[in-house]
1. Looking only at segment 7-42, how many residues end up being within 19 Å of Glu74 (Cβ to Cβ) and not in a helix (DSSP H, G or I)?
2. Is segment 63-73 home to any residue that is part of a helix (DSSP H, G or I) and either open to solvent by 60 Å² or more (accessible area, probe 1.4 Å) or in contact with a strand residue (DSSP E or B) (Cβ under 8 Å, 6 or more places away or on another chain) (or both)?
3. Out of the residues in segment 6-42 meeting the condition of being touching a strand residue (DSSP E or B) at 6+ places or on another chain (Cβ under 7 Å) and open to solvent by less than 50 Å² (accessible area, probe 1.4 Å), tell me which one is modelled with the lowest pLDDT.
4. What pairs can you find where one residue is in segment 4-21 and over 30 Å from Gln111 (Cα atoms), the other is at pLDDT below 85, and their Cβ atoms are less than 9 Å apart, with a gap of 6+ or different chains?
Amino acid sequence: MKRYLLSVYQPDNDPPPEVLASVMPSVMAWEEELKTAGSWVFTAGLHPASTATVVRLQEGELLMTDGPFTEGKEHIGGFTIIKVPDLDVALEWGRKLTRATTLPTEVRPLQGEA
């Protein structure tokens, strides 16, 4: 089995409560379907990108800066790691997740085998 990262991109601002209320039942149903299929490994939501701290090495010194690594209007809002036989199956889970969240989902293989 191969592992894939499904990253959900969302606008920088947290969604309004009414949007979450309409989307979360579909997201929870998607996750339950994924678990029933035996493909779920891990899921996590992330705090806004503005809460990030970037650590980088510059001229031998470690520097820490507040905020996201890249400037943008969207950042990863959450992710799921799945284990499935191949890319086609991973893409199908990505399509289902996009339908549930109404947000873009990036499907990316992890290195190595599950």
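1. Looking only at that region, the number is 10.
2. The answer is no; no qualifying residue exists.
3. Gln10
4. Leu20/Asp14
The values are calculated or read from the model by the stated rules, or taken from the named source; none is laboratory data. Since we're looking at a predicted model, the values are computed, not measured. So basically every Cβ, Gly included, is an ideal-geometry build from the backbone, and we count neighbours across all protein chains shown. For accessibility, only protein heavy atoms count, side chains too; no ligands or nucleic acids. Shrake-Rupley method; radii C 1.70, N 1.55, O 1.52, S 1.80 Å.
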